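*Asks:* Next up is a structure, given as structure tokens.
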Amino acid sequence: MSMILVTGARGQIGSDLVRTLRERHGAEAVIATDLREPEEQAETSGPYEVVDIRDRTKLDEVAQRYNVDTIYHLASLLSARGEQAPDLAWEVNVGGLRNVLEIARENGLKVFWPSSIAVFGPTTPDNAPQKTPLEPTTMYGVTKVSGELLCRYYHLRYGVDVRSLRYPGLISYGAEPGGGATDYAVEIFHAALEQGEYTCFLAADTRLPMMYMPDAVRATTELMDAPKELLSVRTSYNVTALSFSAEELSASIAKRVEGFVTRYKPDFRQDIAASWPSSVDDSAARADWNWEPAYTLDGMVDDMLVHLREKLNVSASSCPVSRIP
Ligand SMILES: NC(=O)c1ccc[n+]([C@@H]2O[C@H](COP(=O)([O-])OP(=O)(O)OC[C@H]3O[C@@H](n4cnc5c(N)ncnc54)[C@H](O)[C@@H]3O)[C@@H](O)[C@H]2O)c1
């Protein structure tokens, strides 16, 4: 039986990924870890350990105690928090990854680690190619480029089977997003159902590559399931599903939530978002391991509204949601 350890398990991706992995492998086979204590029932539906990713000794001890063979390493500081605390972002993002890779090297573990579209910068051509000079202007982006090179190094030098995706901005109705420049695309749904209006921290025409969480979780498990010999990229694969501007997302929601309006008041996160490409070329992922996203913009908006209304207990009468035929 495969034993899997997930770091950053309480985060936006971790909480959904742990659920999927526990459905696939059994609750006892997936050890959720995070800096924070567990809170939700779902988090304690299997083993949970508090681990600071900067503490290699503790991480190693937990990995050995559970006989772990695979690590999904998600613990990180995201783009906006990274700009506010660059030293900590370096320590957690690069130091934490190095700890995971060292433990993987010593014990022959398989690793998944996400990179991000934040590796790109203002010099990146539009529809960001898989291979292009990486010149990010945020500390978060710098940690992701360094992380990609570390992964490739550990693969080439020590044969560590570490696999990676450059996630675009992710949208989900589970755990709240953790401080990134694409968080608006989650906040806007909550605001639509709870207040009927939203003040967006990005400009209306800011267009970014995005993905709905079920696609992101499936991309992750498909990459990890792919036969080793098919993988031609050992830095990190471009993957994408959607590319929309803030006003296009707002319009799609407004078609379904009567009277919903968005105002635009860009803050420091606009500069971060403006440094990223509006779309990415994921043809290498499509060719190597058959990546194909399932959700369109309207399909994602429909699904988000159904699940969020259920979660927030917002009735159709208090906030009418009309489905597009
Ligand atoms: N969410 C996105 O849109 C997105 C996009 C691109 C890449 N990513 C990447 O995916 C990964 C997960 O992102 P997320 O959105 O789930 O982030 P998140 O902020 O929601 O979750 C990160 C988790 O890491 C934990 N953490 C922070 N510092 C830690 C430490 N020192 N030790 C242990 N745990 C610590 C936090 O408590 C949190 O639960 C990150 O590597 C992130 O860079 C996310």
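*Asks:* Any idea which of E102, E176, E197 is of a type in the set (D, E), at pLDDT below 95 and surrounded by fewer than 22 Cβ atoms within 10 Å (Cβ to Cβ)?
*Replies:* Just one listed residue meets the conditions, E176.
*Asks:* When you scan region 54-76, do you find a residue that is closer than 22 Å to P177 by Cβ, charged (D, E, K, R) and near the ligand (Cβ under 8 Å from one of its atoms), even just one?
*Replies:* There is no residue in region 54-76 that is closer than 22 Å to P177 by Cβ, charged (D, E, K, R) and near the ligand (Cβ under 8 Å from one of its atoms).
*Asks:* If we scan region 16-32, do we find a residue that is near the ligand (Cβ under 8 Å from one of its atoms) and in contact with a helix residue (DSSP H, G or I) (Cβ under 7 Å, 6 or more places away or on another chain)?
*Replies:* no
*Asks:* Got a number for residues in region 12-32 being crowded, with 23+ Cβ neighbours inside 10 Å and closer than 11 Å to G174 by Cβ?
*Replies:* Residues in region 12-32 being crowded, with 23+ Cβ neighbours inside 10 Å and closer than 11 Å to G174 by Cβ: 6 in total.
*Asks:* Moving on to the next point. Only one residue in L134, L149 is under 15 Å from S236 (Cα atoms), in a loop (DSSP other than H, G, I, E, B) and within 20 Å of the chain's Cα centre (by Cα). Which one?
*Replies:* L134
*Asks:* Within region 33-50, take every residue that is surrounded by fewer than 15 Cβ atoms within 10 Å (Cβ to Cβ) and within 16 Å of the ligand (Cβ to nearest atom) and give me the one that is modelled with the lowest pLDDT.
*Replies:* Checking each candidate, the answer is T44.
*Asks:* Within the bounds of region 165-177, is there any residue that is more than 16 Å from the ligand (Cβ to nearest atom), touching a residue at least 12 places away in the same chain (Cβ under 8 Å) and in contact with a strand residue (DSSP E or B) (Cβ under 7 Å, 6 or more places away or on another chain)?
*Replies:* No: region 165-177 contains no residue that is more than 16 Å from the ligand (Cβ to nearest atom), touching a residue at least 12 places away in the same chain (Cβ under 8 Å) and in contact with a strand residue (DSSP E or B) (Cβ under 7 Å, 6 or more places away or on another chain).
*Asks:* Kindly provide the set of residues from region 245-282 that are buried (at least 18 other Cβ atoms within 10 Å of the Cβ) and of a type in the set (A, V, I, L, M, F, W, C), ordered by number.
*Replies:* Listed by number, the residues that qualify are A246, L249, I253, V257, F260, I272, A273, W276, V280.
*Asks:* Of the residues that sit in region 283-312 and are surrounded by fewer than 18 Cβ atoms within 10 Å (Cβ to Cβ) and among the basic types (K, R), which one is farthest from the chain's Cα centre (by Cα)?
*Replies:* Checking each candidate, the answer is K311.
*Asks:* Of the residues that sit in region 109-131 and are outside any loop (DSSP other than H, G, I, E, B) and within 15 Å of the ligand (Cβ to nearest atom), which one is nearest to L17 (Cα to Cα)?
*Replies:* F112
*Asks:* Ok, one more. From the list M224, M211, which residue is within 18 Å of W113 (Cα to Cα), part of a strand (DSSP E or B) and not basic (K, R)?
*Replies:* One residue alone meets the criteria, M211.
*Asks:* Look at V142 and say whether it is over 13 Å from W113 (Cα atoms) and away from the ligand (no atom under 12 Å from the Cβ).
*Replies:* Taking the combined requirement at face value, the residue satisfies it.
The values are calculated or read from the model by the stated rules, or taken from the named source; none is laboratory data. Small disclaimer: the values here were computed from a predicted structure and weren't measured. Note that each Cβ is placed from the backbone with ideal geometry, even for glycine, and that neighbours are counted across all protein chains shown.
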